[in-house]
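Engineer: Before I ask anything, let me first share the structure, which is written out below as structure tokens.
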Amino acid sequence: RFILLCLPVSGQGVRFGYTVTRKLGSAVVRNRIRRRLRAAVAEVAAELAVPGHDYVLIARHGALQCPFPTLIGDLRFALPRVHR
């Protein structure tokens, strides 16, 4: 549903970036996917995101159709693994 990339940076904050390409649909569809990803990050980031890192979520086709709890579960699974 998405690819998560992580890069350590010299700051203390946590930043998230979102990439949704034109292959996924029109502007309306891409904005909806971006809003879903932002909402999932808002649910999970406070407890699992590590300060001093930048994260990028690259959306895939399943990001729009999957149920929202599944998207949150995928993010809960991916955030700790990206630091290994």
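Engineer: Can you give the charge dipole size of the chain about its Cα centre, rounded to the nearest 20 debye, using +1 on the beta carbon of Lys and Arg and -1 on the beta carbon of Asp and Glu?
Structural biologist: Roughly 420 debye, rounded to the nearest 20.
Engineer: Would you work out which of Val50, Pro67, Ser26 lies farthest towards the positive end of the dipole of the chain? Charges go on Cβ: Lys and Arg +1, Asp and Glu -1.
Structural biologist: Ser26
Engineer: Follow-up question, since we're still on this one. Could you work out [θ]222 nm for the chain from helices alone, using -39500 (n - 2.57) per DSSP H run of at least four and dividing by all its residues? Round to the nearest 500 deg cm²/dmol.
Structural biologist: My calculation for the chain gives -15000 deg cm²/dmol from helical runs alone.
Engineer: On to the next question. Under a 1.4 Å probe, what is the accessible area of segment 1-45 per residue, stated in Å²?
Structural biologist: Ligands and nucleic acids excluded, the result is 67 Å² per residue.
Engineer: Starting from the Cα of Ser26, step 7 Å toward the Cβ, then list every residue of segment 41-81 with an amide N under 18 Å from that point.
Structural biologist: Inside the label zone: 64-65.
Engineer: Mind listing the long-range amide H neighbours of Tyr18? Cut-off is under 5 Å, sequence gap 5 or more, other chains count too, H placed in the peptide plane at 1.01 Å from N.
Structural biologist: Leu57
Engineer: OK, next. I need to check one value: relative contact order of the chain, counting alpha carbon pairs closer than 8 Å and at least 6 residues apart, in percent.
Structural biologist: 49 percent
Engineer: Here's another thing I want to ask about it. In degrees, nearest 10, range 0 to 90: what is the angle between the Cα axis of helix 68-81 and the longest Cα principal axis of the chain?
Structural biologist: 30 degrees
Engineer: Report ³J(HN,Hα) in whole Hz for each residue of segment 27-33, in order, from the Karplus equation J = 6.51 cos²θ - 1.76 cosθ + 1.60 where θ = phi - 60°; Gly and Pro get x.
Structural biologist: Residue by residue, segment 27-33 yields 4, 5, 5, 5, 5, 5, 4 Hz.
The values are calculated or read from the model by the stated rules, or taken from the named source; none is laboratory data. In this text, all values refer to a predicted model and were calculated from it rather than measured experimentally. Every residue, glycine among them, receives a Cβ derived from its backbone with ideal geometry; neighbour counts consider all protein chains shown. Note: accessible area is taken over every heavy atom of the protein model, side chains too, but ligands, DNA and RNA are not part of it. Shrake-Rupley method; radii C 1.70, N 1.55, O 1.52, S 1.80 Å.
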